[in-house]
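Okay, structure first, notes after.
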Amino acid sequence: MYTESERRRSIWLRTERAGRGPAPGHDRAGIAAAAVRLADAGGLGAVSMRKVAAAIGAGATALYRYVDSRDELIQLMLDAVLADVRYPSLTGGWQADVLALARALDSLCRSHPWTVDVLQAQPPMTPHGVVLLERALAALDPVDAPGQVKLEAVGLTIGLVATLAATELAADRSTEEWRSAQEEYLRAVVVAGEHPHLARAIATSAPATGDQDLLGRLLPRILTGLLDGVDA
């Protein structure tokens, strides 16, 4: 197991395995892959140190030679799936480039739904997380804005992707009966007349169409509002 001073450091700045002894029978990549399989099948709740150890054929305490906690295990998992993200080439148009990056991240969330829980919290800073950050800042390079504002824009982008993905994944799991009940309640609230602003917003909204690309509609508007007119 890691020493107290080693535990205080980022997992990415520590040796891959704590302690001395025989050559390690496992590595971070294999541990992360096993944990990702568990999460893909049953969500983050299915991931525990004991279950991952069993999945790689190790004893319950053996995992602590490689990770100090479940939080560090989740960092390994996130980094492993971020390694598979394929970023599109930059075009020089910052809105289109950030949106393309956001779509790549959205695809990751659909392939590994548990990632939305991680990304909606404070995302761990991992090696491939740094690659994501660098790519996003490269996309924003044409924007004349301070670095802090650009970092905020990246954080907002990641948060929006995770939030929309979580909402749509939940909608995919909901039943038609449940959705009908929600719509019936909303209509009843509007008819009651006690929420005039809500009623007016609904009355003046365009009818639903086949275009459900919320990410494509919202992200450029939000980022333009954040970045336009900022004093560099």
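The values are calculated or read from the model by the stated rules, or taken from the named source; none is laboratory data. Remember, predicted model here, so these are calculated numbers, not experimental data. Ideal geometry is used to build each Cβ from the backbone, glycine not excepted, and the neighbour counts take in all protein chains shown. The area values use the complete protein model at the heavy-atom level, side chains included, leaving out ligands, DNA and RNA. Shrake-Rupley method; radii C 1.70, N 1.55, O 1.52, S 1.80 Å.
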Measure nothing fancy, just the Cα-based angle from helix 176-192's long axis to the longest principal axis of the chain, in degrees from 0 to 90, nearest 10.
40
Listed by chain and number, the residues whose amide H is under 5 Å from that of HIS195, excluding neighbours fewer than 5 places away on the same chain and using placed H, are none
Among (i) 22.0, 74; (ii) 18.5, 60; (iii) 18.5, 57, only one was calculated for this model; which label is it, if the read-out is Rg and Dmax of the Cα atoms in Å?
(i)
In nm, give the distance between the simple-model label positions of ASP40 and ALA96, each being 7 Å from the Cα along the Cα-to-Cβ direction.
3.3
Keeping every protein chain present and rolling a 1.4 Å probe, give me the accessible area per residue for the chain in Å².
57
Would you kindly derive the ³J(HN,Hα) couplings of the stretch 100-116 from the backbone phi angles with the Karplus curve 6.51 cos²θ - 1.76 cosθ + 1.60 (θ = phi - 60°), listing them in order in whole Hz, with x for Gly and Pro?
5, 5, 4, 5, 5, 5, 4, 4, 4, 4, 6, 6, 10, x, 5, 5, 5
For the stretch 33-42, just list the computed ³J(HN,Hα) in residue order, Karplus coefficients 6.51, -1.76 and 1.60, θ = phi - 60°, integers in Hz, with x standing in for Gly and Pro.
4, 5, 5, 5, 4, 5, 5, 4, 7, x
Only Cα pairs within less than 10 Å get springs; with that Gaussian network setup on the chain, which residue of GLY25, GLY155, GLY59 has the largest fluctuation?
GLY25
Relative to the longest principal Cα axis of the chain, at what angle does helix 127-139 sit, 0 to 90 degrees, rounded to 10?
40
Enter the angle in degrees (range 0 to 90, nearest 10) between the Cα long axis of helix 70-82 and the first principal axis of the Cα atoms of the chain, meaning the one along which they spread out most.
70
Taking protein heavy atoms only, a 1.4 Å probe, and rounding to whole percent, the accessible area of the stretch 103-228 owed to carbon and sulfur comes out at 58
